[in-house]
Every structure is written in structure tokens, then in C-alpha cells.
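I have placed the structure first, in the form of C-alpha cells, so that the comments after it can refer back to it.
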Amino acid sequence: MEINKIMKYKINNICCIGAGYVGGPTMAVIADKCPNIQIEVVDINKVRIRQWNEDDFEKLPIFEPGLAEIIKRCRGKNLHFSNFVEEKIKKADMVFISVNTPTKKKGLGAGKASDLKWVEACAREVARNAIGHTIVVEKSTLPVRTAEVIKEILNAAQNSSSNESHLCSFDVLSNPEFLAEGTAINDLMYPDRVLIGGENQEAIDSLSEIYSRWVPRNKILETNIWSSELAKLTANAFLAQRISSINSVSALCEATGADVREVARAIGSDNRIGSKFLDSGPGFGGSCFKKDILNLVYLAEYFGLNEVANFWESVVKINSWHQKRISEIIVKKLFGTVANKKLVILGFAFKANTNDTRESAAITICKNLLNEGANLIIHDPKVTASQIENDLNINPIKFLGNENSFLNAKSGIWEYSKYINNLEIFNNAYAIVILTEWDEYRALKWTEIVKRMVPPAWVFDSRSIVNTEEVRDAGLSLWRLGDGFGD
Ligand code: NAD
Ligand code: UGA
């Protein structure tokens with residue numbers, strides 16, 4: 001595209017439907033980079049919008065490094081958060097659909113297909129309210145050919161827009177988001193690529209022009225709309241596949257005396273393989289990998305490609321097996337029972353630098369340990385107690401400071417701890433289980449901690465973050481994922 005090409009569709013007002021992990025940060029960065037565009041982020045969730053408008057920036061609904069600074073700069077100037085969905089659609093030249101697309105729980109395709117009811121609701125909302133020409137951008141991750149559904153809904157509105165005051169027309173683009181949580185702002189500022197799929201070049205140019213204000217042109221890829229939708233699902237499937245691959249190798253390392261970190265370094269040095277996304281861990285979590293792969297599986301099954309479906313489904317299956325495997329190792333190492341034993345869980349978020357727990361391996365592993373009767377103290381620097389309660393679906397019971405009297409009375413209970421520095425949470429614990437790679441867990445004072453624990457005390461490090469010598473020298477037994485030399 002020529003740099004100074006005159007745009008047929010000039011974008012002055014953007015409306016983004018969905019103020020979540022994608023809508024919030026993405027619009028914040030666009031607002032920051034495009035001060036002349038007014039951006040309205042709308043959501044039906046009143047609590048979320050109130051949090052986005054909080055004066056205390058610590059209370060924004062999403063924790064992402066660098067996000068609060070941008071909100072401080074732009075909110076109230078060209079970035080606004082509200083529940084006025086209809087009104088803001090009316091004013092918009094471009095509407096981003098950035099709502100949730102979870103796996104369907106019931107009906108056709110349940111357990112695999114994405115539930116598109118929120119996307120459909122948005123399309124209908126846009127159809128009812130848009131005025132003039134509106135470019136509708138799929139930001140949510142969607143099954144291939146969803147744009148067709150959106151177009152059908154919009155076209156119906158276009159054809160019935162009889163009077164002059166409500167004349168409307170639409171273009172639909174696919175512009176999937178590739179940000180990862182915890183690094184969202186950096187990913188949005190310096191993306192590996194921006195993908196725009198569409199049919200009308202003039203609409204593509206309008207969106208491309210927005211990104212080109214900070215993204216080099218050669219990183220803005222244009223494809224047909226279906227390739228764009230499929231590329232997003234495939235990218236997540238490839239990333240998740242690497243994690244399942246290295247995690248499966250971790251089990252083999254433990255069995256054979258190899259070390260998964262050494263194996264990862266050796267294979268990652270091959271340029272064709274590359275070193276990223278080879279960290280073995282407690283199994284991939286996050287709101288998207290599992291859902292997007294299952295969506296791909298559903299798609300393959302729909303087209304009768306059962307071998308393709310089975311191949312991708314195995315990536316999810318081995319992830320579940322891996323989480324179960326870790327839970328079982330913990331029980332086995334603690335003499336076959338964790339009943340009434342206090343275990344300290346370090347980390348509940350699905351990865352560091354986010355407060356998101358969706359599909360976190362910690363949920364499954366904690367549930368397994370609670371089922372075995374363990375009493376858990378759960379610490380996470382960003383996840384709240386109520387979020388953990390929601391995820392575990394068990395009320396917390398206070399037992400910190402009362403471990404001895406409680407130990408014989410109750411089992412399978414848990415309590416949240418906000419504090420770790422005074423080391424009190426380690427008192428009378430049989431084991432520490434590290435599930436999220438938060439930096440503060442790297443610098444723990446093992447020589448102090450061991451004195452408070454019940455010997456023989458264990459550290460289970462599923463993220464390879466502890467200094468192994470320090471832990472062992474302190475007198476603790478250590479299990480590290482994929483460490484064939486382990487205790
Ligand atoms: P989210 O659940 O955090 O946010 C979605 C928001 O949409 C919610 O606040 C919800 O209230 C709102 N919403 C739903 N229906 C609405 C409607 N009809 N009108 C107004 N608001 C409505 O979800 P998310 O994590 O931001 O993900 C959004 C999409 O982006 C998903 O398709 C996801 O697969 C994709 N994605 C997510 C990430 C990520 O890191 N979370 C990264 C890339 C892509
Ligand atoms: C992932 C993709 O990385 C993004 O490109 C994509 O946009 C996003 O999904 C999405 O569509 O939602 P995200 O889930 O936020 O991003 O975070 P990742 O960094 O990919 O981590 C996912 C999971 O894999 C985490 O549980 C993480 O701990 C785990 N992981 C990651 C590993 O176990 N090892 C690794 O080497 C990397």
C-alpha cells in the first residue's frame with residue numbers, strides 16, 4: 001500500500017465490544033499510538049467497566065506490566081470505558097468484536113466447538129445500531145468461516161435499512177490477536193506480525209493504516225479472511241504442541257536419567273527447531289490453548305478428517321495426563337499419602353505476570369491434592385482469594401497458625417495467604433509445590449524455610465526456577481520436573 005494513499009474509509013471513531021484481556025490492552029495501545037482516534041471500549045459487565053474506570057490504577061481488572069501507565073495517559077482523553085454498547089456502536093466507523101468464545105458446554109459440538117453466542121449477539125447489536133458504513137473487525141478467536149455468519153446478520157440489516165436516517169453498510173475483517181498474557185503490552189507494541197484477512201481492499205487498508213503508525217509495513221500480513229481465521233487457531237495449536245512435546249519428554253527424562261532442560265537446550269539450538277516455547281512446566285493453561293485446539297479438532301471432525309482431529313486432540317490429552325502425573329508424583333514422594341499434611345502451593349496463575357487463572361494447571365493439581373486429603377496454603381502475588389475459591393469451588397477454611405490442632409481434625413481444606421515474606425506460611429509444612437514461575441519464588445531463603453517444615457521436607461519445582469544446590473544444601477529433598485537425577 002502506498003504511504004500517502006487516500007483512505008476511502010477514514011477512521012475517527014472506534015468501538016470495541018468486550019473489555020477483557022484482549023479488548024482492554026489492545027485498545028489501550030491503539031489509543032496510545034493514535035491520539036486522533038476516539039476509542040470507546042464497551043462491555044455488558046458493569047463491574048468490569050467500573051474497574052477500568054478506577055482512580056486507583058492498582059484496581060484495574062487486568063494486571064499486565066505497562067498497562068496501567070498507558071491507561072493513565074489515555075483514559076478520559078481518547079480512551080473511554082462504558083456500558084453504553086448501543087450508543088457507542090452508532091458513532092463508530094470501525095467496531096472490534098473482542099468478546100469471549102469459550103468451548104460450548106451443551107448442544108451440538110459440546111466440549112469442542114466454540115460457543116459463538118456472544119459473537120452472534122454482538123453482530124446483531126451492530127446490525128441494529130450501526131449508522132453509515134461500518135467496518136466490523138473480528139478480534140476474538142473464531143472458527144473458520146465465522147465471518148460468513150457475521151456478514152449474513154449484517155447483510156440482513158443492510159438490506160432492511162429502508163429509511164435515510166438508518167442507512168447502513170458493512171465490511172467484515174478478520175484481525176486475530178496474538179498477544180500473550182503477562183507480555184501483552186510488549187506484544188502489542190512490537191508484534192511479530194499483524195494479520196488482516198478480508199475481501200474489500202479498501203477496508204483492509206483502513207485497518208492496516210492504523211497499525212502502520214507503529215508496526216513496520218512488512219509485518220502487516222494481508223490474507224483472505226478464511227486463512228486469517230485458520231492461522232490463528234493453528235498458531236495456538238502449534239505453540240501448545242511444543243509444550244506437550246517437551247512435557248512428554250520430561251516424563252521420559254525422569255525415567256531414563258536425562259535432564260529435560262539439557263535436552264531442550266540441545267534441540268532448541270537447532271535453528272529449525274528454535275529455543276522458544278521449550279520450557280517444560282506443569283502443563284499449559286490459559287483461556288485459549290485448550291479451547292482453540294478443541295475447536296480445530298471439531299473443525300477437522302466436521303470435514304471428516306479424523307486422523308487430523310486425533311493428532312491435535314492428543315496435544316490436549318497429554319496435557320491433562322501430565323497434570324495428573326505431577327499430582328501423583330507428589331503423593332508418592334510423600335510416602336503415598338498427603339492426607340492431613342500441610343502443603344504450601346506457590347503460584348496459582350496459569351503463568352507469571354498475570355492475574356488470570358483460566359485453565360491454570362494449579363486448579364487441577366490443587367483439586368487432585370485436596371481430593372487426596374491434603375491441607376493447602378495457597379499463595380499467589382496477583383490472584384485473589386475469591387478467584388481461587390471460584391476455581392476450586394470449595395470454601396477456604398482458616399487454619400494458618402493452628403496447623404497442629406487442625407491436622408487431625410480436618411483434611412482436604414485450603415486457605416489463601418497474601419504473605420510469603422515472613423515465612424510463616426511454611427510452618428509445619430511437609431512440602432512446597434511451585435506451580436507458577438513468579439520471580440519472588442526464585443529468591444526464597446531455603447535455609448530459613450527448612451527449619452519451619454516437617455522433615456523430611458520436600459520442594460516440588462514444576463517450573464525449574466529454584467537454585468537446586470541451595471535447596472539441597474539446606475537439607476530439603478527436591479523434585480524437579482524432568483530431572484532424571486532427582487531425589
Ligand atoms: P474476556 O472474557 O476477558 O473478555 C470478554 C469480554 O466480553 C467480557 O468482559 C464480557 O463481559 C464481554 N462481552 C461478552 N458478550 C458481550 C456483548 N454481547 N456485549 C458487550 N460485551 C460482551 O475474554 P478475552 O480473554 O479478552 O478473549 C476475548 C477473545 O480473544 C477470545 O475469543 C479469545 O480466544 C481471544 N484471545 C484471547 C487472548 C488472551 O490472552 N486472553 C489472546 C488472543 C486472543
Ligand atoms: C497464548 C499464545 O502464546 C498467544 O500468542 C495467543 O494470542 C494466546 O495464547 C491466545 O490466543 O489466548 P497465553 O496463553 O497468554 O498466550 O500465554 P503463553 O505464554 O502462550 O502460555 C500458555 C501456557 O503455556 C502457560 O500455562 C505457560 O506457562 C505455558 N508454557 C509456555 C510452558 O509451559 N512452557 C513454555 O515454554 C511456554
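Read-outs: derived from the displayed coordinates by stated rules, not from any lab. Because the structure is a prediction, the values reported are computed rather than measured. A quick note on method: Cβ atoms are made from the backbone with ideal geometry, for glycine too, and the neighbour counts reach across all protein chains shown.
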Item checked: Glu120 versus Asn45: modelled label distance in nm, points set 7 Å from Cα along the beta carbon direction -> 2.2
Margin query: Between Arg193 and Leu108, what is the label-point separation in nm under the 7 Å Cα-to-beta-carbon projection?
Written below: 3.2
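With 20 Å as the limit, write out which pairs from Lys112/Lys317; Lys106/Lys151; Lys59/Lys382; Lys59/Lys90; Lys276/Lys351; Lys324/Lys398 have Cα-Cα distances beyond it, or answer none.
Working: Lys112/Lys317 13 Å; Lys106/Lys151 25 Å; Lys59/Lys382 11 Å; Lys59/Lys90 30 Å; Lys276/Lys351 15 Å; Lys324/Lys398 27 Å.
The pairs that break the limit, which is 20 Å between Cα atoms, are Lys106/Lys151; Lys59/Lys90; Lys324/Lys398.
Relative contact order for the stretch 235-341: what is it in percent, counting Cα pairs under 8 Å that are at least 6 residues apart? Can you show the working numbers first?
Details: 91 pairs, mean separation 30.7, N = 107.
In percent, rounded to a whole number, it is 29.
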Item checked: Residues with amide H under 5 Å from that of Ser169, placed H, sequence gap 5 or more -> Gly132, His133, Thr134
Checklist line | Span-like helix ranges in the chain, DSSP H, alpha carbon extent 24 angstrom or more, Kyte mean at least -0.5 | finding: 225-256, 306-333
Check: Fewest to most neighbouring Cβ within 10 Å: what's the order for Asp93, Asp380, Asp461?
Finding: Asp93, Asp461, Asp380
Next item on the list: Take the alpha carbon gyration tensor of the chain, find the square roots of its eigenvalues, order them as a ≥ b ≥ c, and report rounded if a/c is under 1.5; if not, report prolate when a/b exceeds b/c, else oblate.
Entry: prolate
Next item on the list: Sort Met453, Met27, Met94, Met189 so the one with the fewest other Cβ atoms within 10 Å of its own Cβ comes first.
Entry: Met189, Met453, Met94, Met27
Item checked: Ranked list, fewest to most other Cβ atoms within 10 Å of each Cβ, for Arg480, Arg358 -> Arg358, Arg480
Checklist line | Relative contact order computed over the chain (Cα-Cα under 8 Å; 6+ residues apart), in percent | finding: 12
Margin query: Can you give me the long-range amide H partners of Cys16? Hydrogens built in the peptide plane at 1.01 Å from N, cutoff under 5 Å, separation of 5 or more residues or another chain.
Written below: Glu40, Val41, Val42, Phe96
Check: Which links in Lys104/Lys232; Lys8/Lys91; Lys104/Lys418; Lys77/Lys219 stretch past 24 Å when you go from one Cα to the other?
Finding: Lys104/Lys418; Lys77/Lys219
Notebook entry, point to check: How much length is gained if the chain between Phe277 and Glu389 is pulled fully straight, taking 0.36 nm per residue apart and subtracting their Cα-Cα distance, in nm to one decimal?
Noted result: 37.3 nm
Checklist line | Amide H partners (placed H, <5 Å) of Ile345, local residues excluded | finding: Ile377, Ile378, His379, Val433
Note to self: For the stretch 54-85, which chymotrypsin sites (Phe, Trp or Tyr not before Pro) pass both filters: DSSP loop (anything but H, G, I, E, B) and at most 15 other C-beta atoms within 10 Å?
What the structure shows: Phe84
